[in-house]
Every structure is written in structure tokens, then in C-alpha cells.
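First up is the structure itself, then whatever we jot down about it.
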Amino acid sequence: MNDLLTILVTGLAQGVPIFIVASGLTLIYGVLHVLNFAHGGFFLIGAFILTSTIQGGSLGSFFGAVLIAGLGVMIVGIVSELLVFRPLYKAGPTVSFLGAFALFLALLGLAIVVWGTNPRTVRYPDALDGSFTVAGARIGEYDVAMVVLGGVIAVGLWLLLSKTSLGMRVRAVSHDRTMALALGIRVGRVSTTVFAIGAFLAGVAGALIAPVSSIDEGLALSTDYMLPAFIVIIVGGLGSVPGALVAAMALGVLESVIFRAAPDLSGFSYYLVVALFLMFRPQGLFGSSSRSIQMAR
Amino acid sequence: MTVLERLPLVSRSGLHVLIGFAAVAMVMPLLFSGSQLFTWTTALAWVLFATATSVLFGWTGLLSFGQAAFFGMGAYTMALLYERDPEMSGFVMLVVAALVAGVVAALFALFALRTSGAEFAILTLVLAQVLWLLTYRVDWLNGEEGFHGLFGVKILGGPLTSDLQLWYYTTAVVGVCVWLLWLLSRSTAGQAMRAVRDDPWRAAALGIRVRRVQVSAFAVSAAFSAVAGALIAQGQGVVSPGMLTFAISGEILVACLIGGTSKFIGPVIGAVVLIWSQTLMSNIFHESNIFVGLLLLVIVIALPGGFVSLPGRLAGRRRRRPAKGESAPPPSGAATASDDLVEEGVR
């Protein structure tokens, strides 16, 4: 019984970075109709920036570095949107998809040129290093911090999308791009903004996993998080942020349970779930069958 | 070759494809030897891989990000067969590898094609990733170790002992396979694939069974990709999980795109350009990823039709400014809409 709480918190904590990556992906898909492969590159660069900028083990330094990572990657994201995606938008989704993949490879290469191939590790911030016991269950402090942070980001995104005028424009563009254009919404600027938000989130997610795993040149590292994020947005319904949240948390917990119950099967749960979903509910949890994009309802 | 193509007998039977490969097979050993000839051997295996990928990506209009799954499946099938029976003929292994990949691909496609476009691409990527994970989790697939010693695979009674023998053997297999694919592209089945790519909804209205065409294109593509994977395995003597990675799936799409998929020869050119530039560039850039990525970016943005579209574009520019969006696929809205229609229509 006590184990259950541990499994739950670990699972949620694993789901958080995936949710953060996936929420950016799903927003970008909603507005640009691109599955942005380059997100894996953004993620990796976020992690690398953290390893370079963090100093000491204080909490402030850690979250400062996380913020710098997010902002740095945001700049990379804005540049890539202007240079790569804007020219490709008219060419259709397949070409944009390949453009995103090209960008992904280029960013991975760039990361190696800048940071080299030696794996880097980062310590947990001192204040979050330990664990505590609740009702007999051992819970890592960093895991709790992750869950809280995930909650903050989810609420922040919800407020941004449903309560601000920017959010309204984003929803309008993703609902009907042509109509939004006719209404005088500057669609190009909204696209760049959404891309910037998505890239920022990817950078933050990358920075947050730095203490949990070793950061290296990382095709493996970036696919470890990018593929689950892709699966999460398919399971949650393309374009739906709440869908991404629910799917990421559910899959994180499921993976954590499977890791405990049947370690041989760990790593497969995402693939199994996506297969089941595509068989029985191809439009995902929160998607509608006509594929019109719904966000932040 | 263009003169040859005009002769009716030649163009109908694709004889010029075979003659072309025979000529290449004879000429290359005169110009290259040692490691350079080996690079050409690798490039030729990739020519087959790229042409097979083009069946899906270029002819049928299905974007697969998991071609490495079938490439690797071919290599692993050959390795497992060799482990079980070292006396088995290499040709038999190739056929078995093609069959295994073809059947797996057909089964996978039957359910994966419930989705389309981007989701389909992700599903194919998931397939490759699952196989990659399996190589680490299943004991008899040897994890990171993989398999060694595939040089010993017997062709016509004995193993291939020199680079030259490997070259002739690879060229022969690739030549025959590409020829078969050429025949397919000229057949009614090939025309049906292009019809499905251009407008699946209209193709369905014309009585083409869209789903069946897509599934068979997937199977054919997988089978020939597996042959290419097995050839690479035999040439390098080693099979490892590296052959199943996402990088391979991406690179083969890069090859198709560099060459351009509008002409049969496009992926052939693309594969040769990719392998040679990777080999040459690996001396300059420590890691070839950045180069492949930048090359692809330039092609995608500046020359979306690939190298084969270059002559046409140049000619067009001389006559008039090319009409905008001439070579570009239809805008996203239209494409998604028709995808949806077909999905519902065929189900």
C-alpha cells in the first residue's frame, strides 16, 4: 500500500517533462500543423545550456539556469521558425515535417560542435537532494518539485490560452487559419509566438531532466523523451493541451507501475498504449473525429 | 541510355536498367579499388534501399519514418539464419529476409493505415523503435553486441573473399532488384500507386482499392529494404542495433529527397550523393549529422524537387519565371481533407 504512493509520485514526476515537451508540440501542431521533430533538438540544447550555466547547488542557481535554458532555446526556436518553417508553410505538411527533421539533425550536430561528446552530469540542487517519508512511503524531494512545477506550467498554459487575448488569437488561428487571417489576426506573428512558447517549454523540460540523467550527444536521450511526447500528443488528441496533460500523467504512472511489476516490459508501455488507442480510438482522448483542433476548452 | 529507351522492346522490358547496372559493374573496378570500391558497394546497397523507400514515399505518397525497421529486420534475419545454418546459400537468406519483412510490414500496415499523414509517420517510427528496444531485451538478439562474421555467408558455394567479389555480387543483386522495381513502376500496380498518391479519393472512385494498394506498397518497400539491409550486413560483416535507429530512417528519406522522387532515377542519385558526401565529409566534420541536416535543410527550402528537378527548373527559368507552387504538393488543408475522406470511404 505504501509502495503505491511512491509509484504514483515517481510516475507523475516522470510524466512531467514529457507533458512539458508534449504541450509545446501540440500547440505548434495546432497552429502550424507541423509535427515538430526539431523539438528533440530544442530539448537537448536546453539540457546542455543548463550544464554550462549552473553554478553550485543552490536552489536559486538551479532554477535560474532552468530559466536561462528556456530563454536560450526560445531564441533558437524563433530563429528556426523564421528561417525554416515560415518558408515551408506553403509547401504542405510533409515537406515541413522533413524540414523539421533536417533541423533536428542540424541541432544535434550543433550541440556536439558546441558541447562536445563527453557525457555531462548535474547534481540535484542541495535543497531537493533527499527524500522524505509520508505514511511509510519514501518520496524523492525532486520528484515532488517536478510534480508541482508541472502543475504550475499546466495552470499557466491554461490561463494563457483561455484568459488572454493572445490565447484567444492562438485558438482562433488553430481553429481556422484562413478565417483568422480574414479577421485581421496577424497569423505569422501568432505562429512565431507559439513556436517561441513551445521552444521555451522544450528548453525548460530539457533543463529539468538534467539532474535525472546523464547528458550526452544524445540521439538516444532526445528520442527517449521526444517519442513518448509524440505518443502523448497522439493519445491525448493532436492539438489538445488538456489531452497532453492527462495522457502524459497516465502514461508516466503506467510506466512506473510496469517498471515495478514487470521490469522486462518497461519501455514498451507507451508503444502498447498508442497501438491500442489507434485501434480503438484513432482521434485520441480529446480529439474529435473530424480533426478540427480543440484547445483549452 | 535515352536512345536505348526509345526502342520499344527495351523500354517495355526495362533492359536499359539492367544494361546500366552491368556497365557500372564493369567500369567501377577500373576506376576505384580498396576502400573506395567498398564505398561504392555500400552506396549501391543504399541505392536499393532508397528506391525501395521511394515506392512508399515517392510513388504512393506515404511518409514512413521507420524504414530502418525493415532495413534492420533484413540484416537480423540474415544474421540469425547464418547462426543457425552457416551452409545456407546467401540468395536463400535474401529471399527469406525479404519475405519476413514483407509479411511483418503488411500486417503492420493493415492497422497503422487506420491513421494517415503525421500520425502514420509516428507509428512507423514507433515500430522501428520497438524493434530497436527488442534487440536489447530479447536474449537471442545479443543486444549491443549484435552478430559478427557475416563475411562467411556462402554465395554460389563459398564466401566472398575480396572487395571485388563483393562488388560484383552486390551490383548483381541490386541491379536485379532495382530492375524489378522499375517493372513495378511501369505496371498498372505502379500507376495505381501514383493515382493513390495524387488523389486517394478520386482513385477510390475509379475503383482502385486504396487500402490494398497502400498495404502492398508498404510490403514491397519493406521487402526490398530488407534485402538492402542484408546486403549491408554481409558487406560489413556485422549486425548491430545501430541499423535500427531513427538516424537510418531519416537518412534514407534524405537520400530520396536529395535526388527527388518525381523520377525513377532520383533516389538512385540521392543515395550515391548521400553515401559519398558522408564518407568525404566525415573527414572534415567530426560528426556527419550536422552536415546531413544542413544539406537536407538547403534541399527542402531551395530545391524541394531534388536534383532531378534541376534541369526542368533551369529550363523553366530561361523561358519564364516558374509558376509558384508548381512542383509543390497541395496545401495542407486540401491534403488533410482528402485524407480524411478516403479514410472514411475505405474503412
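The values are calculated or read from the model by the stated rules, or taken from the named source; none is laboratory data. Because the structure is predicted, anything quoted here is derived from the model rather than measured. Neighbour counts run over all protein chains shown; Cβ positions are idealised from the backbone, glycine included. Note: areas computed on protein heavy atoms with side chains; ligands, DNA, RNA excluded. Shrake-Rupley method; radii C 1.70, N 1.55, O 1.52, S 1.80 Å.
Just a few scattered comments:
- Charge tally around B:Leu141: other residues with Cβ under 15 Å, Lys/Arg +1 each, Asp/Glu -1 each, net -3.
- Pairwise label distance in nanometres, B:Gln191 with B:Ser162, each label 7 Å out on the Cα-Cβ vector: 4.8
- Close amide H contacts of A:Asp216 (hydrogens built in the peptide plane, cut-off under 5 Å, sequence separation of 5 or more or a different chain): A:Arg120.
- Length gained on full extension, A:Arg260 to A:Trp158: 33.4 nm, using 0.36 nm per residue less the C-alpha separation.
- For the pair B:Leu180 and B:Ser13, the difference between a 0.36 nm per residue extended length and the Cα-Cα distance amounts to 59.1 nm.
- Alpha-carbon spread of chain B, three principal axes, descending order, Å: 54, 46, 45
- Under 5 Å between amide hydrogens, built in the peptide plane, is the criterion, and for A:Ala38 it picks out A:Phe104 among residues at least 5 positions away or on other chains.
- The reciprocal of the average 1/r between distinct C-alpha atoms defines the Kirkwood hydrodynamic radius, which for segment B:1-126 equals 17.4 Å.
- Mean separation of Cα contacts under 8 Å (6+ apart) over length of chain A, as relative contact order %: 35
- Relative contact order computed over segment B:221-317 (Cα-Cα under 8 Å; 6+ residues apart), in percent: 27
- Spin-label pair B:Leu107-A:Asp176: with each label point 7 Å from Cα along the Cα-Cβ axis, the two points sit 4.6 nm from one another.
- Sites B:Trp276 and B:Ala22 - FRET efficiency at Förster radius 22 Å, r taken between beta-carbons, to 0.05: 0.55
- Computed over protein heavy atoms with a 1.4 Å probe, the accessible surface of segment B:14-65 works out to 32 Å² per residue.
- When chain B is treated as a GNM with alpha-carbon contacts under 10 Å, the residue of B:Phe91, B:Phe147, B:Phe246 showing the greatest mean-square fluctuation is B:Phe91.
- Comparing A:Val152, A:Val190, A:Val122 in a Gaussian network model of chain A where C-alpha atoms under 10 Å apart are linked, the largest mean-square fluctuation is found at A:Val152.
- Among the protein heavy atoms of the protein assembly as shown, carbon and sulfur supply 66% of the accessible surface, probe 1.4 Å, non-protein parts ignored.
- Chain A: most fluctuating residue of A:Gly40, A:Gly11, A:Gly57 per GNM, C-alpha cutoff 10 Å: A:Gly57
- Model label sites at B:Arg114 and B:Asp198, defined 7 Å from Cα along the beta-carbon direction, differ in position by 3.2 nm.
- Fully extending the segment from A:Thr133 to A:Met168 would add 8.2 nm, taking 0.36 nm per residue of separation and subtracting the current Cα-Cα distance.
- Segment A:21-222: C-alpha gyration tensor shape, a/c 1.5 cut-off, then a/b vs b/c: oblate
- Average partner coverage of B:132-139, which counts Cβ from other chains inside 10 Å: 2
- Chains B and A, summed buried accessible surface - 1.4 Å probe, Å², nearest 100: 3900
- Long-range amide H partners of B:Ile155 with built H, under 5 Å: B:Gly90, B:Leu160
- Exposed GluC sites (Glu not before Pro) absent: longest stretch of chain B, with sites in DSSP loops and at most 11 other Cβ within 10 Å deemed exposed: B:88-325
- Vicinal HN-Hα couplings computed from phi for segment A:12-28 (Karplus, 6.51 cos²θ - 1.76 cosθ + 1.60; Hz; Gly/Pro x): 4, 5, 5, x, 4, x, 5, 4, 5, 4, 5, 5, x, 4, 6, 4, 5
- Cα gyration tensor, segment A:190-276 - rounded (a/c under 1.5), prolate or oblate: oblate
- Taking every alpha-carbon pair under 8 Å whose residues sit at least 6 apart, segment B:32-245 reaches a relative contact order of 45 percent.
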